[in-house]
Every structure is written in C-alpha cells, then in structure tokens.
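Structure record follows, encoded as structure tokens.
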C-alpha cells in the first residue's frame, strides 16, 4: 500500500501529526542517527493520539531540546544535520508544522502539505515500512478527531518505535 493523498486526506490532524512523528523516527533510525532528543520529539508527536488537551500538548513540545520551532538545537543534532545534508532539520521542522498549522491557522490543508513534504524528503512512501495494523489504528475523519485508547496507543508505540 502506498501512502498517497487519498489515504492521507482521510486522516485526522491528530493522525497526521502522529504519522509525522513515526516518519521522523523511521528516517533517523534508518540512518542510525536516532538520539535521545530526537526520540523525545517523536514520542511527543505520537502522544497527540492520547492527549485531550491540545494546547497543553503543544506547550510541552515547545520545551523539548529539539522541537522544530527554530530554537537552538543540541550540538550532536547540528552534526547529524550537516552529515545528512540538512535534511534532518527540514524534516523536524515539517513534522512539527503539521500540528502547529492545525492549531494556529485556519487553512488545515497546510498540515497535509507538510506531511507530503515530510514523506518526499524522507522517502517514506511505502506503508509496508510500518505494520499495516498501525495505519488502521490511526483515527480518520475531519479536524483533530478523537483520541485513541491506551491499548491502541501502546500497540502503535510497540510496533513502530520500540520494535526497532
């Protein structure tokens, strides 16, 4: 199954943000550059699936060492960014913008645009790089949509982040 616009357009903003985090994780893991700070960002982005208070969730994201908001980043991330031709900073920024656009703009199509950029920059085109059941657990619908259950969230984390 290819990740295409038809599938992506069915996802809630919450799901798009979580998928953005999973793509970031996959990219850094594929390049053997997954640091604790990147992992913290990924876990935060995926946690949107279980957070009811989106402004609180967003405020927590702003405090992360790597947060995609133009704040200074750790030296090891700067080194990784140079080694990988500045793609890491682009994908971190794009993955963060997925949620920020949905929170702070009226044009929610921008979230999908940033998700598309993220997919293109990382080469994350095949859904089979992630357990298909994970994609089935991502909420679909309009707006931010519902949260997922703790059980579904643990399944997603176990089969994407902790499985590798």
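Projected label points at residue 51 and residue 158, each 7 Å from Cα along the beta carbon direction, are separated by 2.4 nanometres.
Overall, the anisotropy analysis places the range 66-122 in the oblate class: the square-rooted eigenvalues a ≥ b ≥ c of its C-alpha gyration tensor yield a/c not less than 1.5, with a/b not exceeding b/c. As a proxy for reagent exposure, 7, 104, 153 were ordered by neighbouring Cβ count within 10 angstrom, fewest first; the result is 104, 7, 153.
Sorted by average packing, counted as other Cβ atoms within 10 angstrom per residue and highest first, what order do 82-91, 12-21, 51-60 take?
Details: 82-91: 15.7, 12-21: 26.2, 51-60: 12.8.
Going by the mean number of other Cβ atoms within 10 Å, highest first, we get 12-21, 82-91, 51-60.
With all projection directions averaged, the alpha carbon convex hull of the range 5-160 covers 8.3 nm².
Every number in this text was worked out from the coordinates using simple rules, so none of it is lab data. If you're wondering where the values come from, they're calculated on a predicted model, not measured in any experiment. All Cβ positions, glycine included, derive from the backbone under ideal geometry; neighbour counts span all protein chains shown.
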